[in-house]
Amino acid sequence: MNCVKSAAAAVCQALVIGTSIAILVACGGKSSTLSGGGSTNPIAPAASNVAAAVVNAGPSGNDVNTLFTSVTICVPGSTTSCQTIDDIEIDTGSSGLRVLASALSLSLPTVTDTNGNNLLECTQFVDGVSWGPIATADLTVAGETAASLPIQVIGDTTFSSVPADCSSIGTVEDTVSSFGANGILGIGVFTQDCGVACTIAPANGVYYACSSPTECTAITLALTSQVPNPATYFATDNNGVIIELPGVATTGAATVTGSIVFGVDTETNNASGKATVITVGGDGTSDAGNFTTNFNSASYDASFFDAGSNGLYFNDSSLSECPGTPPSGYYCPAGTENFAATVVGLNNASANVNFSVANADTLFNGGASLTAFANLAGTFPQDDSFDWGLPFFFGRNVYFVFEGKSTSVGTGPYNAF
Amino acid sequence: MRNGTVGTLFGIFVGGLATLAGACVAPRAAHAALGAPYASIATDQTTLKASIKVTPRSSYEVHELTLASGTSVREYVTNGGAVFAVAWNGPTMPNLRQTLGDYFANYTAAASAAHGGHNHLAVRQDGLVIQAGGHMRAFTGRAYLPQAIPAGVSIDELR
């Protein structure tokens, strides 16, 4: 990347606000003191298909390793009834744009079925659920637009009654404070948020038809009616995304600025290059979205890359968990430990990954202003899962190619780096 | 209060009784899963609309319920008839209020405290471990009562 070009200089300038080490990475400098990918990954400067992404403390002021961007949404067909919303979390573990009602100043048309019932969703995350109606909006991110995009409005006050089947799954997170962001942009490898699982039986706990705010019936919902991955609605650059973040110093950073690039092999700034294609399981399979990690003589066959996870989560009994009441679940080795793993796709292509696990308490004690850590790790429930969260993304360009979409090097769903 | 409840349940497991005397919740219809008696699994099956398969192992049985969405919920039952662990995986999350029983409140409390974002959750308290992760289409998790695990059974079997 050439720092003397004005667009590139703008990115370098933005990185000055972060760490000076980060600037060296973006401008082709050495990265010997960085964790993460370690090599110098070229980060695309602002462009029509490139949106800025930032790691910071978020609306709560407490977030770590959480990536945010801004989106502009309009009432469908309008160029004046529009709003730009910041603090939208980027997630590759989900699909769909969701905005908290309290952060939304627009009145968007809701989606109804042929009987006039509103379509409501109980979006499932590991830590809870978010309830709200499906509505449509015109979305603009960077220079990409999606017209009449179905999105979810979380915590809409009209639909404040959450069905028991929904609240029985977990904590209801319908406010900016409980959700942790003004919204979430899910741009993972799948075209819809739920997929086949929501087409086979009504008791999926996800979609509902509501004849009134208090009368909701669980339903199946055809794929074409489910909340879509917004990037699949772009006219072009709609086959995948690339998350591009610079490396981070081993002691952490107060903020990190990078890019989300839309499209793979569709423009001059989104080439696959030499990235290794790691194919993941398809929708409706037991390893949907997942590949295998080989680590410590063990095989973790339900592994995944997820920008929406804020640590590297895997089960390793040799790593002690941090003390505390209650324990955080992060790892606290005496000193930073360095590891090597291999990730293997369903296509049997493989790539080596070096990573570090630092003492999480030491990292957090390094300063309350630090929000980004490339060596933060913690436990995971299953021996067969390795969650490569945001730490993996620092210093790497990570590709998410959507199911059924093609690039110069393969057909999704796949990851590459 | 939660420690007190676990202590009471552990006494029940050791004694082989199948009542929830002393549980700090109001009595209600047989309610399943973690910490509850074996008979409650039938309630789980009805409530969760699941098919069920039983696999005997060394000192316990695994009762596997398969939900309509394809998600599997496994309940680990001692030979004395108490559920000491549950595990789940599948495309959608299970009804955790039903599956975790009295411990659902611990799960939601952890989500309300500072935690690891939307795609990860961990609870580790005296007498209770809950770990959950994954993503839509491939959620995974487990919860167990460490003091209630039968002798010789490894945590690695509980998944």
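The values are calculated or read from the model by the stated rules, or taken from the named source; none is laboratory data. Since the model is a prediction, treat every value here as computed from it, not as a measurement. Cβ sites come from the backbone with ideal geometry, for glycine too, and all protein chains shown count toward neighbours. What goes into the accessible areas is simple: the full protein's heavy atoms, side chains included, and nothing from ligands, DNA or RNA. Shrake-Rupley method; radii C 1.70, N 1.55, O 1.52, S 1.80 Å.
Amide H to amide H, which residues 5 or more places from residue B:36 or on other chains are under 5 Å from it, using H placed in the peptide plane?
B:83
So what is the calculated 222 nm ellipticity per residue for the protein assembly as shown, using -39500 (n - 2.57) for each DSSP H run with n of 4 or more, over all residues, to the nearest 500 deg cm²/dmol?
Computed mean residue ellipticity for the protein assembly as shown: -3500 deg cm²/dmol.
How large is log10 of I(q)/I(0) for chain A at q = 0.06, 0.07 Å⁻¹ when the intensity is taken from the Debye formula with one equal scatterer per alpha-carbon?
Once normalised to I(0) and log-transformed, intensities are -0.23, -0.31.
I need the phi-derived Karplus couplings for segment A:223-230: 6.51 cos²θ - 1.76 cosθ + 1.60, θ = phi - 60°, integer Hz, Gly and Pro marked x.
Rounded to whole hertz, the list is 3, 5, 9, 6, 5, x, 5, x.
With chain A treated as a Gaussian network of Cα nodes joined by springs under 10 Å, which of A:164, A:288, A:254 yields the largest mean-square fluctuation?
Highest fluctuation among the options: A:164.
Enumerate the calculated ³J(HN,Hα) couplings along segment A:145-151 in order (Karplus 6.51 cos²θ - 1.76 cosθ + 1.60, θ = phi - 60°), each rounded to whole Hz, writing x wherever the residue is Gly or Pro.
The phi angles translate into 10, 10, 8, 6, 7, x, 10 Hz.
Between A:91, A:283, A:113, where does the largest GNM mean-square fluctuation fall for chain A, given springs only between Cα atoms within less than 10 Å?
A:113
Give me the inter-chain shielding for B:84-93: mean count of other chain Cβ atoms within 10 Å, whole number please.
5
Name the residues whose placed amide hydrogens come within less than 5 Å of the amide hydrogen of residue A:151, ignoring near sequence neighbours (fewer than 5 apart) on the same chain.
Amide H neighbours of residue A:151: A:135, A:136, A:137.
Test of understanding: in a Gaussian network model of chain A with alpha carbons linked when under 10 Å, which of A:69, A:268, A:407 would top the mean-square fluctuation ranking?
It is A:268.
Contact order normalised by length for segment A:134-265, with contacts defined as Cα pairs under 8 Å and 6 or more residues apart; what percent is it?
Answer for segment A:134-265 is 21 percent.
Can you tally the net charge around residue A:216? Count Lys and Arg as +1, Asp and Glu as -1, for every other residue whose Cβ sits under 12 Å from the Cβ of residue A:216.
-3
Report the net charge of residues surrounding residue A:140, where surrounding means a beta-carbon distance below 15 angstrom and charges are Lys +1, Arg +1, Asp -1, Glu -1.
Result for the neighbourhood of residue A:140: -4.
How large is Rg/Rh for segment A:34-233, to two decimals, with Cα atoms and a Kirkwood Rh?
0.97
Viscosity 0.890 mPa s, temperature 25 °C: what is the translational diffusion coefficient of segment A:153-235 from Stokes-Einstein with a Kirkwood Rh over Cα pairs, rounded to a whole number of µm²/s?
Estimated diffusion coefficient is 172 µm²/s.
Sorted by mean Cβ packing within 10 Å, highest first, what order do the peptides B:99-105, A:241-247, A:137-143, A:296-302 take?
A:241-247, B:99-105, A:137-143, A:296-302
What accessible area per residue comes out for chain A, rounded to a whole number of Å², with a 1.4 Å probe?
Roughly 35 Å² per residue, with all protein chains present.
With both partners inside the protein assembly as shown, how many of the DSSP beta bridges are antiparallel, as a percent to the nearest 5?
90 percent
Collect residues whose amide H, placed 1.01 Å from N in the peptide plane, falls under 5 Å from the amide H of residue B:93; neighbours closer than 5 in sequence don't count.
Those lying under 5 Å, H to H, from residue B:93: there are none.
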